[in-house]
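A.B. asks: I'd like to ask you about the structure that follows.
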Amino acid sequence: MQGGSQRLSSALARAVKLAGGDVLVRRVVSDIALDAQGRAGTITHTIRGVDNFSASSATEYTPVVLSSLANASTAAVSWS
């Protein structure tokens with residue numbers, strides 16, 4: 001693909017936004033909580049680049065999780 005993986009990520013972000021979704025970038029996800037049906041329900045994250053001592057985490061509701069990480073890296077996140 002001409003433009004590399006960043007071009008693909010940018011196109012995906014545009015499509016999500018056009019569909020009414022939100023895109024959070026530069027986040028370190030520490031937990032993905034599942035709902036009663038086993039689907040993503042909430043994510044807990046901090047802003048990447050801010051040290052863990054001063055960064056406050058936030059928890060957001062999400063019906064869908066998209067990740068640009070490799071499958072193994074995404075699966076390594078704490079799923080509760």
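The values are calculated or read from the model by the stated rules, or taken from the named source; none is laboratory data. Computed from a prediction, not measured in an experiment: that's the story for all the values here. Cβ coordinates were reconstructed from backbone atoms using ideal geometry, including for glycine residues, and neighbour counts include every protein chain displayed.
A.B. asks: Of all residues in the stretch 21-35, count the ones that are in a loop (DSSP other than H, G, I, E, B) and either surrounded by 15 or more Cβ atoms within 10 Å (Cβ to Cβ) or of a type in the set (D, E, K, R) (or both). So that I can check it myself, show each step before the final result.
C.D. replies: Step one: filter the stretch 21-35 for residues in a loop (DSSP other than H, G, I, E, B), giving 21-26, 35.
Pick out the ones that are also either surrounded by 15 or more Cβ atoms within 10 Å (Cβ to Cβ) or of a type in the set (D, E, K, R) (or both) and you get 22, 26, 35.
The total comes to 3.
A.B. asks: Pull up the stretch 56-75, narrow it to residues that are surrounded by 11 or more Cβ atoms within 10 Å (Cβ to Cβ) and among the hydroxyl-bearing types (Ser, Thr, Tyr), then point me to the one that is farthest from residue 34 (Cα to Cα).
C.D. replies: Applying the filter and picking the extreme gives 68.
A.B. asks: Related question: Taking the conditions exactly as written (loosely packed, with under 14 Cβ neighbours inside 10 Å, modelled with pLDDT under 85 and not in a strand (DSSP E or B)), does residue 12 satisfy them or not? Please lay out each step first, then the result.
C.D. replies: Working: loosely packed, with under 14 Cβ neighbours inside 10 Å: yes; modelled with pLDDT under 85: no; not in a strand (DSSP E or B): yes.
No: the conditions fail for residue 12.
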